[in-house]
Amino acid sequence: MKAKAIAAILILAACFSCAAQNAAPADHQAQSSSAPQKKSWFVRLIPPRTTFPQDMTEPEKKLMEDHYTYWKARYEEGVCVFGGPVMDPKGVYGVLAIRATTEEEARAIASADPSVKGGLMHIEVAEMSIAFPPGVGQHT
């Protein structure tokens, strides 16, 4: 009986994940049916050292200000779903969820970040299924 319950939960979770992945944000619903489907991508921004937040140089601070401005604009365009720093005690790093048609497009968007272009941050990119999109189901 437990195995059936676990299987049912896994099936429901997979269905919910697929539905959330395929649900387009309101500003993307106007895309024509012939337009390629946007996917979600997880971007990890890796700083040059674990002590980076505590010992940024002035040029690095400038790149990080430009980095913030860049991603804020992508968020306002609907390309960036969410993002921010992860305060891991082993070393802070950044995470973003973005929307793009292909991995190449996702990498191009992430690589255009001034902190990446300037050689400060490095990126990792992987396809992601957003099961719980921001703003959906939130109670006020």
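The numbers here are math on the coordinates, done by the rules we state, and not lab data. Since this is a predicted model, take the numbers as computed values, not measurements. Cβ placement follows ideal geometry from the backbone for every residue including glycine, while neighbour counts extend to all protein chains displayed.
At a glance:
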read-out	value
Candidate aspartates and glutamates for bridging to Lys62, where Cα separation is under 13 Å - those fewer than 8 sequence places away on the same chain excluded	Asp113
Subset of Lys90/Lys117; Lys39/Lys61; Lys39/Lys117; Lys38/Lys117 violating a 29 Å alpha-carbon distance limit	Lys39/Lys61
Backbone HN-Hα couplings from phi across region 87-102 [Karplus 6.51/-1.76/1.60, Hz, Gly and Pro as x]	8, 6, x, 7, x, 5, 8, x, 10, 9, 10, 10, 10, 7, 6, 10
Residues with amide H under 5 Å from that of Met121, placed H, sequence gap 5 or more	Val116
Ascending count of other beta-carbon atoms within 10 Å, so fewest first, for Tyr75, Tyr93	Tyr75, Tyr93
Euclidean distance between Cα centres, region 99-135 to region 45-59, Å	20 Å
Fewest-first sequence of Thr101, Thr69 by Cβ atoms within 10 Å of each Cβ	Thr69, Thr101
